[in-house]
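The values are calculated or read from the model by the stated rules, or taken from the named source; none is laboratory data. Treat the numbers as computed from the prediction; the structure is a model and nothing was measured. Methodologically, a virtual Cβ is constructed for each residue, glycine included, from the backbone with ideal geometry; neighbour enumeration extends over all protein chains shown.
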Amino acid sequence: MVNLILCGGSGTRLWPISRTLMPKQFARLFDGTSLFQKVLKTNSKFCKSQFIISNADQYFLAKDQMEGAFLDKARFLLEPMGRNTAPAIALACFSLDPEDVVLVSPSDHMIKNTEAYYKVVEKARQHAKEGNLVTFGIQPTSPETGYGYIEADGEDVIRFIEKPNEKKAEQYLKAGNFYWNSGIFCFKAGVFLKDLEKHSPDIFLAAQTAHSNANVEGSLVRISHDDMALIPANSIDYAVMEKSNKVKVVPSDIGWSDLGSFASLYHEYPQDKSANNLNENHLSVDSKNSLVIGSQRLIATVDLDNMLIVDTPDALLVAPLQSSQKVKDVVERLKAAKSDLPIVPQTVNRPWGTYSVLESGYRYKMKRIEVKPGERLSLQKHLHRSEHWVVISGTATVTVGSKVFLVRPNESTYIPAGEVHRLQNEGRLPLVIVEVQVGEYTGEDDIIRVEDDYRRS
């Protein structure tokens, strides 16, 4: 099978761990491993190849983590904007053989019972080979109101149901033939496209045009912004699954969770004798049943019960654990106030390396910048700020205007506002510098790229 991995979504309910530039699927939530890497490793055991659908900003993040999962080859489809799951899946399927069996996997879900998962995947594959569109129905363990449901007669789907109220969810749980809609699917690429053309021809035709105009560079497919904008946004459920007469559901008791809140994340961590998650930076005095996340400093708690604490370098979240769904309301308020906190984490991944904001204030900002060996930043200029660079380790190849020169550890250079410049690491070790920006505006959007290896200009 071909594993189609969907990397969209911002995971706002796990803020401040999850941000737009570091969504939950890429956050290293489990001993340095991300959910995206877990999906890659699990599905690589029975899928012949991976086809990763990502937005352009997350491409290099996904590529780095793929290499961290010891998988060196995958195809990528880059979307300039999100148009929901139906267009994303269609664009990928246009790139495949119609007979290819596709396993569609969200990149931000957890599956703990892998043996059971392999069995239901094989059953789904058989249904898909027979020309069916297969969805994975999760055996419900509680009257969950945060999921959509599937009503089934055996493996035949009767109907898809939107997120119910608590009373309805309790009825579904008692009935025994209702399942949570997992968002995992299996089908032949050609079968899906035929049903998409039948039931949502506007999406089919616009996606077909966008794919035919795509820029293909080896294993990388880039969709143009203008073509993507013309594709109607819709989910695979609405566009195809709810309308098709070819849908099968495979009941799946696989230890599944979409980790849609801190309350669900709490149950995935090992716990101490007081039912707190294990955290060497947490000093507990008679605290219990709590989720405490933070690694930068000691977190001491006294007499807490059923509480949530998430400590990051630039934001602190404190709430009752059962209220963790309301975190999305915090994010909405921050967005309304035009704060960068929902978007930018302290350490931001870039295709050339990372940068971390050390301090920011009126008319200045300090950063730690690390450039990977052999990489370089774009040739760029800033209109509203000057920059001072001090090399901490490695050797920097610096371009300022028409001059190119080396800057070594404990040496520095200065870039005036408006001057074209570039930072490059031609060495074999990481290059680390401290950058001090001074000017009337130090926002990340004050960058004019003249030339860029990563096509961001």
Query raised in the report: Applying the selection to the range 133-173, what residues are polar (S, T, N, Q), touching a Ser or Thr at 6+ places or on another chain (Cβ under 9 Å) and either modelled with pLDDT of 90 or more or farther than 19 Å from Gln322 by Cβ (or both)?
Result: Thr135, Gln139
Query raised in the report: Taking the condition at pLDDT below 85, within 19 Å of Met110 (Cβ to Cβ), of a type in the set (A, V, I, L, M) and surrounded by 17 or more Cβ atoms within 10 Å (Cβ to Cβ), does Met22 pass?
Result: no
Requested in this report: Please note which strands (runs of 3 or more DSSP E) are completely contained in the range 345-389 and include at least 1 residues that are of a type outside the set (Lys, Arg), touching an Asp or Glu at 6+ places or on another chain (Cβ under 9 Å) and on the phi > 0 side of the Ramachandran plot.
Outcome: 353-361
Query raised in the report: Within the range 204-221, restricting attention to residues that are buried (at least 19 other Cβ atoms within 10 Å of the Cβ) and under 24 Å from the mean Cα position of the chain (by Cα), which residue is farthest from Ile150 (Cα to Cα)?
Result: Ala214
Query raised in the report: For residues in the range 349-404 being aliphatic (A, V, I, L, M) and more than 15 Å from Gln424 (Cα to Cα), which is farthest from the chain's Cα centre (by Cα)?
Result: Leu383
Query raised in the report: If you take the residues in the range 289-320 that are assigned to a strand (DSSP E or B) and among the small types (Gly, Ala, Ser), which one is surrounded by the fewest Cβ atoms within 10 Å (Cβ to Cβ)?
Result: Ala300
Requested in this report: Determine if the range 400-422 includes at least one residue that is in contact (Cβ under 8 Å) with a residue 60 or more places away in the chain, part of a strand (DSSP E or B) and not polar (S, T, N, Q).
Outcome: no
Report summary line: Filter the range 145-196 for residues that are acidic (Asp, Glu) and surrounded by fewer than 20 Cβ atoms within 10 Å (Cβ to Cβ); the one that is nearest to Val121 (Cα to Cα) is Glu155
Query raised in the report: Of the residues Lys381, Lys365, Lys372, which single one is of a type in the set (Lys, Arg) and either under 30 Å from Glu332 (Cβ atoms) or surrounded by fewer than 16 Cβ atoms within 10 Å (Cβ to Cβ) (or both)?
Result: Lys365
